[in-house]
Structure formats: C-alpha cells, structure tokens
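Scroll down for the structure; my scribbles are underneath it.
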Amino acid sequence: MTSPAQPQPYRGVFPVAPTVFNAQGALDLEGQKRAIDFMIDAGSHGLCILANFSEQFALTDAEREQVMITVLEHVAGRVPVIVTTSHFSSAVCAARSRQAQDVGAAMVMVMPPYHGATFRAAEPQIFEFFQTVSDAISIPVMVQDAPVAGTPLSVPFLARMAKEIENLSYFKIEVPRAAAKLRGLIEAGGTHILGPWDGEEAITLMADLEAGATGAMTGGGFPDGIRQIIDPWFAGNREAAMSAYERWLPLINWENRQCGFATAKILMQEGGVIAHDTLRHPTPPVHPADRALLLDLARRLNPLVLRWGR
C-alpha cells in the first residue's frame with residue numbers, strides 16, 4: 001500500500017465515512033468509493049472508516065474487511081485513513097488492528113472494551129487491553145472516549161496510558177465538558193499527547209479548539225464547512241473561525257441532535273454522490289420532516305456535497 005500522504009502529527013478534519021448500502025441493504029462498494037472521493041474533494045485532511053457513524057455495529061466481520069480493503073486501496077495514500085478496530089476482546093482488537101496496519105491504515109481508533117449496558121472492564125484490564133493493541137502494531141492508536149462505552153476514563157488514567165503505552169498518543173474526546181477534559185489531558189500528558197481531538201460532530205468544536213484540540217473527527221457530509229472553521233483558527237484568526245462556527249452550527253446541531261449518522265447519507269444522496277441513503281434495519285429511516293429541514297439548512301450553506309454529483 002502507498003504510505004499516508006500527511007506526516008505525523010496528524011491534524012485537521014478527519015470525518016467519518018458512512019458505509020454505503022444499496023436499496024436492499026447490501027454493501028454498495030462503488031457508491032462507497034464515490035463517497036470517499038467526495039470527502040477528499042471536500043477538503044478532508046484524512047478519513048475515518050468503520051466507526052459508529054459508519055454503522056460498524058451493523059456489519060459482519062467479512063463486510064468490515066471488504067469495506068476496509070476497498071477504501072484503503074481506493075484512497076491509495078491520497079490522505080491518511082484511520083480504521084476503527086474496536087472489540088471487547090483484546091486479542092480480536094489487536095488482530096483487527098494488525099490487519100488494518102498491514103493493508104495501509106495510518107492509525108487505528110479503539111474504544112475501551114464494553115458490551116451492552118453492563119459488561120465493562122476495570123482500569124487495570126483497560127490498560128492491558130490497550131497495551132495488547134499497541135504491542136501488535138507500529139502505527140498510532142487513538143482512544144475514543146465516548147459515552148456509548150459507558151466507561152469513565154479519567155484524565156490521569158489517559159495521561160498515564162499515553163506516557164506508558166508506546167503507540168497510544170491520540171485521543172478523541174466526546175464526553176460532556178469535552179473542552180475541560182482536553183485541557184486537562186494536554187496539561188497532564190504533555191508531549192505524549194500528539195493528538196487531542198474533538199468529536200461529536202463538532203458540536204463543541206470552538207470550545208475544544210480553545211482548549212487545544214488539533215483535530216476534528218466529524219460526520220462526513222460537509223468537511224468543507226468544518227474547514228471553514230478550523231482553517232482560520234489555525235491561521236490565528238479567531239474571529240473568522242467563530243463567525244464560520246456560527247454559520248455552520250445549525251447544520252452541525254441538526255446532525256448531532258436530529259438525524260445522526262443518517263445525515264451524511266441524506267446529503268450525499270441528495271447531491272448525487274451516492275444512489276441510496278439506506279440505513280440497515282432495525283435503524284428506521286429519518287422522518288420526512290426532519291429530512292426536509294436538514295436539506296433546507298444545508299442549502300442555505302451550499303456545501304459541496306449538494307453539488308458534487310450533479
């Protein structure tokens with residue numbers, strides 16, 4: 001595989017790519033490639049695949065492998081690709097991560113081990129889990145600190161892992177009061193924190209940038225809009241960044257609070273990027289009223305997604 005185009009430390013907009021299905025709910029790999037091409041054309045510094053916003057929980061292991069290989073071969077090093085390899089089992093997560101590295105992933109993103117509402121691991125086992133993953137690969141590991149895992153990860157514990165586990169150096173923080181946690185993590189971890197990143201569809205992006213975030217992992221529908229926020233920020237123009245955040249916030253909010261992971265697919269289907277915006281059952285389709293308002297909010301901003309395939 002071609003090596004990733006961007007050197008470390010990785011920074012910028014790394015949106016989550018949706019997994020594209022046909023009308024019957026089977027993988028649409030040609031549509032998947034078009035979605036990837038659009039996201040790169042829209043200014044993504046890198047991509048993330050097989051995350052929760054990719055409906056990874058609705059895929060078989062064989063489908064995960066198909067999507068991963070298809071995307072990495074199609075990207076061919078144009079941008080770095082982060083592959084989500086989360087699993088409850090340390091051995092399975094390590095094997096998934098090693099395979100991702102072998103086929104060209106620039107990084108893996110991993111949640112702490114959990115299953116359902118009650119199966120959790122304690123800190124000693126979480127540490128061993130991430131150590132096992134790190135020992136299996138030589139590319140960076142990003143810890144995804146999100147409420148869906150139901151696993152509290154304290155700043156001291158995250159900083160300790162960053163200092164003691166060789167490849168663990170990136171952190172996607174999307175818990176309540178994310179900015180405070182990012183600020184504390186940067187202070188506690190120092191140079192061991194290569195990537196303090198924002199998540200949760202950029203709903204807290206300005207606060208997180210103020211706290212020191214260097215990356216944004218958002219939904220895949222409008223990377224060009226997120227670029228309008230972070231580009232001026234990193235250029236030192238806080239006022240331009242804040243103005244852009246104010247413009248894009250209604251659409252960001254609608255994705256975060258109303259349409260969720262369907263958002264990117266709806267926008268991509270509307271703009272001719274993909275043929276179908278199918279969600280896998282039992283996830284219901286978005287209500288027509290919510291879909292209509294999503295598209296109304298998007299049209300006011302004229303993102304590339306609504307023009308790319310027309």
| request: Take the alpha carbon atoms of segment 51-78, find their center, do the same for segment 236-306, and report the distance between the two centers in whole angstrom. | output: 22 Å
| query | Where is the GNM fluctuation largest for the chain (alpha-carbon springs, 10 angstrom cutoff): G221, G184, G104? | reply | G184
| note | When S44, S154, S54, S90 are arranged by how many other beta-carbons sit within 10 Å of their Cβ, fewest first, they go S154, S90, S54, S44
| field | Cα-based reach from K172 at 13 Å (exclusive), listing aspartates and glutamates while leaving out same-chain residues under 8 positions away | value | D145, D198, E200, E201, D208
| Shape call, segment 32-153: gyration tensor on alpha carbons, a/c limit 1.5 | prolate
| task | Quick one: which residues, 5+ away or cross-chain, put their amide H under 5 Å from the amide H of M109? H built at 1.01 Å from N. | result | V83, T84, T85, M142
| query | In the Gaussian network model of the chain, springs joining C-alpha atoms below 10 Å, which of P223, P250, P284 carries the largest mean-square fluctuation? | reply | P284
| query | Percent antiparallel among DSSP beta bridges with both residues in the chain, to the nearest 5? | reply | 10 percent
| Within the chain, helix-based [θ] at 222 nm, where runs of 4 or more DSSP H residues each add -39,500 (n - 2.57), nearest 500 | -13500 deg cm²/dmol
| remark: Excluding residues fewer than 8 positions from K265 in its own chain, the lysines with Cα under 17 Å of it are K33
| note | With the charge dipole of the chain built from beta-carbon charges (+1 for Lys and Arg, -1 for Asp and Glu) about the Cα centre, the Cα from L158, I252, F53 projecting farthest to the positive end belongs to I252
| query | In debye to the nearest 20, how big a dipole does the chain give about its Cα centre with +1 on each Lys and Arg Cβ and -1 on each Asp and Glu Cβ? | reply | 320 debye
| message | To make sure I understand, if each residue's beta carbon is the centre and we count other beta carbons within 10 Å, what order do F14, F21 fall in, fewest to most? | response | F21, F14
| Length gain on complete extension for the stretch S154 to E123, per 0.36 nm per residue less the alpha carbon to alpha carbon distance? | 10.2 nm
| said: Under 8 Å for C-alpha pairs, at least 6 residues apart: give me the relative contact order for segment 12-304, rounded to a whole percent. | reply: 19 percent
| remark: When D231, D208 are arranged by how many other beta-carbons sit within 10 Å of their Cβ, fewest first, they go D231, D208
| query | With springs only between Cα atoms under 10 Å, which of E164, E270, E55 fluctuates most in a Gaussian network model of the chain? | reply | E164
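Any read-out appearing in this document is the output of simple, stated calculations on the displayed coordinates, not a laboratory observation. A quick note: this is a predicted structure, and the numbers were derived from the prediction, not measured. FYI the Cβ positions are ideal-geometry reconstructions off the backbone, even for glycines, and counts take in every protein chain you see.
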